[in-house]
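Each value in this text was obtained by applying a stated rule to the coordinates, not by laboratory testing. All of these numbers come straight from a predicted model, not from anything done at the bench. All Cβ positions, even for glycine, are placed from backbone atoms using ideal geometry, and neighbour counts span all protein chains on display.
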Amino acid sequence: MKGSRPLFSVDDSLDELALLADTAGVTVCGRMSQKVGHIDPGTFIGSGKLEEMVTLLGELNANIVIFDDELSPRHQREIQKALGDKVHVLDRSALILDIFAQHAHTREGSLQVELAQYEYRLPRLTRQWTHLARQAGGGAGRGGTGGVGLRGPGETQLEVDRREIDRKITRLKKELEAVRAHRQRHRLQRLRAGVPTVALVGYTNAGKSTLLNALSGADVYVANQLFATLDPTTRRVTLPNGRAVLFSDTVGFIQKLPVTLVAAFRATLEEVTDADLLLHVVDGSHPRAWDHVDVVEDTLAELGAERLPKILVLNKNDRPASSEILDYANLGYRAMVPVSALRKTGLEQLLETIGQILVDNLVTVSITIPYTQGEWLAMIHNQGIVVEEKHGDVGVDLVVRVPPRLAGQLEQIVKGASEEEEES
């Protein structure tokens, strides 16, 4: 969907930046923008605009400047030099990282955010970031040294700090790999149990957590702010057809999501790529609703999840709808269901649609399960629909409709059984 429509307008993007600032606890007292033919290689916005910014900061008595685009390390250094040490220079990525740091409550979430922060800061390291071993959870209590460490002959403080951050990044990646392996074991257990997984995705503040609460009776934290919840939550729900499914809430997406965050949250986002069905939750009342759809679609493509079956859930239909209407079928959605997660309307239709699509996704397989592989027979009955079943001399002859993932596993079982027969 990239290039299908222009990106957010400058005003819309700055409006969202103001919401991010408010979420981070920053009071916005002014804004400015500039149309340029090219980015200034030294100061990003050019010397004239920079002087205008200095004047405006003095008039407003402001001490923070937030750029809507990511600044290169050089741009950040030169702007900081021009504005002085009393003014903090941030870009959109740094602001989002700060919000994530405030909202991450589990060990996994905290590790992911800490890694993203260090990877963002490393190329931007200057004197203002020295002694980072005492920040972001570092120090003796987290396996650190309690300080930066001894300085070698001729080393500058920045060189010591860079080495310390590299060490911390290595440690955090190892810890996250352990978390990822633990999560993968849980996913394998879910696969063996045969319970389909439905992942909720969407733009931040679209109402995913409210919808999960409404569908499952869960008590996931909900707030009318961006990135209110970061940590993934999974709840079991029984569909109208009697089948059980697992609903998994995920971190909300946003335009210009920092690359370091996408990389750091890889383990969490695998909940999306491993799902049997995606619910793309959209705030249908938002004036930029379909731009939000574009952003989420692009992010799903980056994750390799764009081909998964998905339902477009138009949330907040108790409010006036966005004036723009798109043909959801042309966007690859199996269905579009309007709901109000807050008012709990449209949920029955949504659950019925989920059940139908999960059944439609089943593939027909003809297979003989050896009597020695009885556990697979039980799994087939649990996860699929048995069309025909006959007991033969060596096993059970079946014609079944099963999820694509199980069909692939069954093919491996048949292949393994054939190889054993040839060897014998």
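Measuring nothing but alpha carbons in the range 10-96 and taking Rh as the Kirkwood radius, the Rg to Rh ratio lands at 0.92. Between amide H atoms placed 1.01 Å from N, distances below 5 Å from PHE67 occur with LEU90, ASP91, ARG92, all of them 5 or more places distant or on a separate chain. Among SER13, SER72, a tally of other beta-carbon atoms within 10 Å of each Cβ gives an order, fewest to most, of SER72, SER13. Close amide H pairs (under 5 Å, H built 1.01 Å from N) link LEU277 with THR197, ALA199, residues at least 5 positions away or on another chain.
As a proxy for reagent exposure, ranking GLU306, GLU271, GLU411 by other Cβ atoms within 10 Å from fewest up yields GLU411, GLU306, GLU271.
Within the shell of other residues whose beta carbon sits under 15 angstrom from the beta carbon of LYS49, the net charge comes to -4, with Lys and Arg scored +1 and Asp and Glu -1.
Taking other C-beta atoms within 10 Å as the exposure proxy, LYS35, LYS81, LYS256 rank LYS35, LYS81, LYS256 from fewest upward. Given LYS256/LYS310; LYS35/LYS208; LYS49/LYS86, which pairs have Cα atoms separated by over 31 Å? Check vs 31 Å cut-off fails for LYS35/LYS208.
Using the Cβ of ILE354 as centre and a radius below 12 Å, the other residues enclosed give a net charge of -1, where K and R count +1 and D and E count -1.
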